[in-house]
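Input: a single structure, listed below in structure tokens.
The values are calculated or read from the model by the stated rules, or taken from the named source; none is laboratory data. It should be emphasised that the depicted structure is a prediction, and the values quoted were computed from it without experimental measurement. Cβ: placed from backbone, ideal geometry, glycine included. Neighbour counts: every protein chain shown.
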Amino acid sequence: MTTAVKPVKAPNTPPLTIPRPHNVLIVGVGGQGVIMISKVLATLCQEQGFEVKQSEVHGMAKRGGAVFSHVRFGEIVHSPTIPEGEADVLLALEWAEGMRWMPYLRQQSGTFIADTQRIVPPFACRNRTRGARTGYVGETIQTVMEQVENSFALDAMGIAKQLGVVKAANTVLLGALSTALDFPTEAWKSVISKFVPPQTTKVNLLAFDAGREWALGFDRESELRNIKDTRSLHQESTVEAGADYSRVEITEEWCKGCDICVKFCPERCLIMNEKLIVEMAEPELCTGCRMCEWLCPDFAITVHTPNHVPL
Amino acid sequence: MLDQAKTPFEIRDYIRQQLFPHFMCPGCGHGIALRALLWAIHDLGIAKDDLAIVSGIGCSGRIGAYIDANTFHTTHGRPLAFATGLKLARPDLHVIVITGDGDCLAIGGNHLIHACRRNLDITCLMLNNEIYGMTGGQVSPTTSSDRYTTTTPEGNYEPVFDACKLAQGAGAGFVGREMTLQTPSLKKLIQQGIAHPGFSFLEVISDCTEIYGRKNDLGESAEMVLSQKADFRSASYGMIADEVFQPRNVKTGVLYKDDRPEYAQAYRQKIASRAKK
Amino acid sequence: MSSVQNIQGNHACALAAVAAGCRFYAGYPITPSSEIAERMSVELPAVNGIFVQMEDEIASMGAIIGASMGGAKTMTATSGPGFSLKQENLGYAAATEVPCVIINVMRGGPSTGMPTRPAQGDVMQARWGTHGDHPIIVLTPWSVQEIYQQTLRAFDLSEALRVPVVVLIDEVIGHLVESVDLAKMNTGNPVERKWADSSQEDFQPYAHTEDLVPPMPRPGDGYRTHTTGLTHAENGFPTQDPEVANRVISRLLQKLEHHNDLVECVNQSDCKDAEIVIVAYGITARAAQSAKQQLQGEGVKVGIFRPITLWPFPQQTFSEAIANARLVLVPEMNAGQLIVEIERYRNDSTRIIGLNRYDGEPISPQQIFNKVKEVLQDA
């Protein structure tokens, strides 16, 4: 996704006078900047004279874990959280997280803005067997754009990279977000300037402009026709997981029963038999990690995997 | 040269299978070190015919025989001396010395420091298990403080050698340390050491389970291997780690590297300049 | 232009080594052998050879064995204390059958002794210095010319028989300058090692070949053999099987006897009808030569038996040489070393007498003359 040529129409902007609170849901994974974006937005809303409630969940996230932040603003806001189906804007910093929160987007009028960046979270790799399918979402940009009328999928990182500062990707997203909310551009920039390090102000404001310009110039119809990114990490594995896949060959005559493999196996597949020789007890649990092979001082274990990946 | 090999590493292509199972005790770390060495050789694409393994005496000295290459099991403490002659006479061979803490630092200490100083293109793999295993478990220059051996019945009271500091101080062009627990990292370090054009000194943290482990109640093989992690950490941790890891304060990884002229190269240059006069 | 030149014994030794094809020298400075190292450091690079001064005597011995295992003809030089230090690795070379040449320019002993003074105190050490039964060849030249010849021969024997060869030089000859025609003595046809060229499959590096000297596998030629100082079977790998051990060690010990025609080298004069045979080697033999002329002038039937190859001792030839002798005199610059070996081959009617000196001075012709006269008077 790159910057479009020229603006065609402004995206759907909600009227600010409506009594109900306006809801922005920002989602992503740890380390991306969900909290930073929320803070900018909340500060902006407050400066514009609205009541703001921001609630976030990030405690267990660390790097790579899911993080989300609810920002609600309006004349009066009671509840801090956005009910399902009532987010006016869903801003996803990571594709799969965006998909996961899709039910929260208000049908018909909701705006979906997503960075196309993909970060496969640890829980998506729960099946640790080599070649096993990951749990990453299957929806492609195309399917989402076809289903959600107000959808924007942009490569914020790519745009930031063109400006020479990869770290400004979040500001690019703020620029895109600004087109979905009816605040003055100068107000956005003023708040952003307060949040970013002084020496990066200039480039961040450029990034904001770039994001905003990209969103204003976004032509859904032509994008749909020319879509190139059909990636889906939800890949079908051609190889069955489990024992048939990773086979542990044990040369009994070479095993001296030192027990290292049994104790080191992360899946506890191996046991010592009554002859004090290692034996494969739970072949279906074997992930082919090769720990036993590497640490066997007697070369008695060979792990066979069809796609041997040398380190 | 560090490019990864195209074919998968099959350890049986590199060992003399007819000699297996090898003679080492159950759980001996030297076997793991041997795997890492062979793996590195494979990944470097070194032909077995071009490989010369020179070892000394002791448990470490015996593992060379299991490698399907040109192997030389020499005298106690002297493998570096033999290797110096071999490498100078045959610069086409990759000469790798396998030695132990006693072999290399005690009886062979003089050869080590001078091999470092000369910086001849040899890779010296010192398997440190902190003990003279072959002779039944006597104290070595790297036996940790207070550890029991058959010659320190009240616990070791002698200070310990830091072999890597010694090698660096003596002028080795490449110095590194890794534990057998981290087999892939060990392999990578050995690979870098062999690729380095000059003398590379690599200390491998290995375990003597049957003698040292028992005598000091260090647990079974797996416990001993795992305990390596508590004592060592990567050189890349840098200064902060120095304060955290007080007890042994030993780093792993590539500890030192320079591009001082290699000995044979310096020799040839001098001779060439003499010829011109 | 004449090729005759005035040259020191130690220098002649270095030139002979290069002429023999020596291309690797490792050494450690020690009086009175240092001139050999110095000359080698000049000569070797000129022929694409390698000279390296190692950190100690042990390393020098290790390095030459290592270089020889790689295929080079190699040499080191030392003197008594250094020779002691080399013994373990010397035994390794004997056991693994790696050719190499060791020059020992003998000095007065024991211990540091008299570094600049001559002696012949290393005769027994040269034979039995390293532990265990082992084959070894020891040569004892008596002139600068012979240093050259015997150094050439040392390489030939070492390469042909895969055995370490020690050249025992007395300090006197090592530092002696004589006029020598080197070009004339250089055969220009040095012996080359027998390299393995048979099938690599099931290759036996220590096979029991007919000549008892198995061809040596060269690293890089695809044999990928194991070399160890442990007692090894024909396949090169360690063994503790008594039957195999007996077989392989026996071959090792019989090797030199089997090639006695190559190994033995004796210079004897007038022994056949001699009443008195003087057994002498090195510089002492020169004194004996002079004494002999004096004695013969007085009508004494005297001969000289000079074992140039000192070890293995030429026992058969010696027994024949003293068949008619009443007296065997063994002058040595030590407390009596070769005489112990000689006594093993005496016949009942022969008296064996030593003439010994270990004060750092060579034995003079007059001493030998006097000793013979003295013994004759007693008889």
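Summary of values
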item: Residue tally, condition touching a Ser or Thr at 6+ places or on another chain (Cβ under 9 Å) and part of a loop (DSSP other than H, G, I, E, B), over region C:207-239; result: 13
item: Residues of region C:46-73 that turn out to be part of a strand (DSSP E or B), more than 7 Å from chain B (Cβ to nearest Cβ) and over 21 Å from B:Ala170 (Cβ atoms), as a count; result: 2
item: Answer from C:Arg247, C:Arg251, C:Arg286 - the residue that is in contact with a Ser or Thr (Cβ under 8 Å, 6 or more places away or on another chain) and not hydroxyl-bearing (Ser, Thr, Tyr); result: C:Arg286
item: Test for C:Glu88: is it at negative phi, part of a helix (DSSP H, G or I), among the charged types (D, E, K, R) and at the interface with another protein chain (Cβ under 10 Å from one of its Cβ atoms); result: yes
item: Criterion (under 20 Å from C:Leu176 (Cβ atoms), of a type in the set (Val, Ile, Thr) and outside any loop (DSSP other than H, G, I, E, B)) met by exactly one of C:Ile342, C:Ile368; result: C:Ile368
item: Helices (runs of 4 or more DSSP H) contained in region C:249-336 and holding at least 3 residues closer than 30 Å to C:Leu230 by Cβ; result: C:260-263
item: Residue selected from region B:88-104 under the condition in a loop (DSSP other than H, G, I, E, B) and facing chain C (nearest Cβ under 9 Å), by the criterion nearest to C:Ala94 (Cα to Cα); result: B:Arg90
item: B:Ala69 being at the interface with chain C (Cβ under 7 Å from one of its Cβ atoms), at pLDDT 95 or above and in contact with a Pro (Cβ under 8 Å, 6 or more places away or on another chain); result: no
item: Residue in region A:91-114 that is at pLDDT 75 or above, closer than 30 Å to A:Arg290 by Cα, surrounded by fewer than 19 Cβ atoms within 10 Å (Cβ to Cβ) and out of contact with any Ser or Thr (no Cβ under 8 Å at 6 or more places or on another chain) present; result: no
item: Residue list for region A:267-292, restricted to those being without any contact (Cβ under 8 Å) to a residue 40 or more places away in the chain and within 22 Å of B:Leu186 (Cα to Cα); result: A:Arg290, A:Met291
item: Qualifying residue in region A:161-175 (condition: closer than 22 Å to A:Glu139 by Cα and at pLDDT 85 or above); result: yes
item: Set C:Glu38, C:Glu43: member being under 20 Å from B:Arg268 (Cα atoms) and more than 14 Å from every other protein chain (Cβ to nearest Cβ); result: C:Glu38
item: Conditions (1) within 14 Å of another protein chain (Cβ to nearest Cβ); (2) part of a helix (DSSP H, G or I); (3) of a type outside the set (Ser, Thr, Tyr); (4) more than 20 Å from C:Pro214 (Cβ to Cβ): number failed by C:Val101; result: (2)
item: C:Ser3 surrounded by 24 or more Cβ atoms within 10 Å (Cβ to Cβ) and touching a helix residue (DSSP H, G or I) at 6+ places or on another chain (Cβ under 8 Å); result: no
item: Checking C:Glu257 against (1) exposed (fewer than 15 other Cβ atoms within 10 Å of the Cβ); (2) touching an Asp or Glu at 6+ places or on another chain (Cβ under 7 Å), the condition it does not meet; result: (2)
item: Residue check for C:Pro115: surrounded by fewer than 24 Cβ atoms within 10 Å (Cβ to Cβ), in contact (Cβ under 8 Å) with a residue 40 or more places away in the chain and away from chain B (no Cβ under 14 Å); result: yes
item: Residues (of a type in the set (S, T, N, Q) and part of a loop (DSSP other than H, G, I, E, B)) located in region C:1-45; result: C:Ser2, C:Ser3, C:Thr31, C:Ser33
item: Where a residue in region A:295-306 is touching a residue at least 24 places away in the same chain (Cβ under 8 Å) and more than 7 Å from chain B (Cβ to nearest Cβ) and its partner, wherever it lies, is crowded, with 19+ Cβ neighbours inside 10 Å and among the polar types (S, T, N, Q), with Cβ under 9 Å and at least six apart; result: A:Val303/A:Ser246; A:His304/A:Ser246; A:Thr305/A:Ser246; A:Pro306/A:Ser246
item: Residue match in region C:274-290 (condition: among the polar types (S, T, N, Q) and surrounded by fewer than 17 Cβ atoms within 10 Å (Cβ to Cβ)); result: yes
item: Residue list for region A:271-287, filter: crowded, with 23+ Cβ neighbours inside 10 Å and either over 24 Å from B:Ile211 (Cβ atoms) or within 10 Å of another protein chain (Cβ to nearest Cβ) (or both); result: A:Cys286
item: Qualifying residue in region A:118-139 (condition: at pLDDT 85 or above, of a type in the set (D, E, K, R), under 13 Å from the mean Cα position of the chain (by Cα) and more than 30 Å from A:Arg247 (Cβ to Cβ)); result: no
item: Close pairs (6 angstrom Cβ cut-off, 6 or more residues apart or separate chains): acidic (Asp, Glu) in region C:264-277, buried (at least 19 other Cβ atoms within 10 Å of the Cβ) and not in a loop (DSSP other than H, G, I, E, B) anywhere; result: C:Glu264/C:Thr309; C:Asp270/C:Gly303
item: Of all residues in region B:21-30 being out of contact with any Phe, Trp or Tyr (no Cβ under 7 Å at 6 or more places or on another chain) and within 9 Å of another protein chain (Cβ to nearest Cβ), the one that is surrounded by the most Cβ atoms within 10 Å (Cβ to Cβ); result: B:Cys28
item: Residue in region C:237-246 that is buried (at least 16 other Cβ atoms within 10 Å of the Cβ), hydrophobic (A, V, I, L, M, F, W, C), within 12 Å of chain B (Cβ to nearest Cβ) and more than 30 Å from C:Thr31 (Cα to Cα) present; result: yes
item: The one condition in (1) away from chain B (no Cβ under 14 Å); (2) of a type outside the set (Ser, Thr, Tyr); (3) over 27 Å from C:Gln254 (Cα atoms) that C:Gly222 fails to fulfil; result: (1)
item: Region A:254-265 - residue that is part of a loop (DSSP other than H, G, I, E, B) and touching a residue at least 40 places away in the same chain (Cβ under 8 Å) and, of those, surrounded by the most Cβ atoms within 10 Å (Cβ to Cβ); result: A:Cys258
item: Residue list for region B:138-174, filter: of a type in the set (Ser, Thr, Tyr) and either buried (at least 21 other Cβ atoms within 10 Å of the Cβ) or within 30 Å of B:Asn119 (Cα to Cα) (or both); result: B:Ser140, B:Thr142, B:Thr143, B:Ser144, B:Thr149
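Every residue, every condition in (1) crowded, with 20+ Cβ neighbours inside 10 Å; (2) within 14 Å of chain A (Cβ to nearest Cβ), yes or no:
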site: B:Tyr14; (1), (2): yes, yes
site: B:Leu19; (1), (2): no, yes
site: B:Leu37; (1), (2): yes, yes
site: B:Ile53; (1), (2): yes, no
site: B:Gly56; (1), (2): yes, no
site: B:Leu86; (1), (2): yes, no
site: B:Ala106; (1), (2): no, no
site: B:His111; (1), (2): yes, no
site: B:Cys124; (1), (2): yes, no
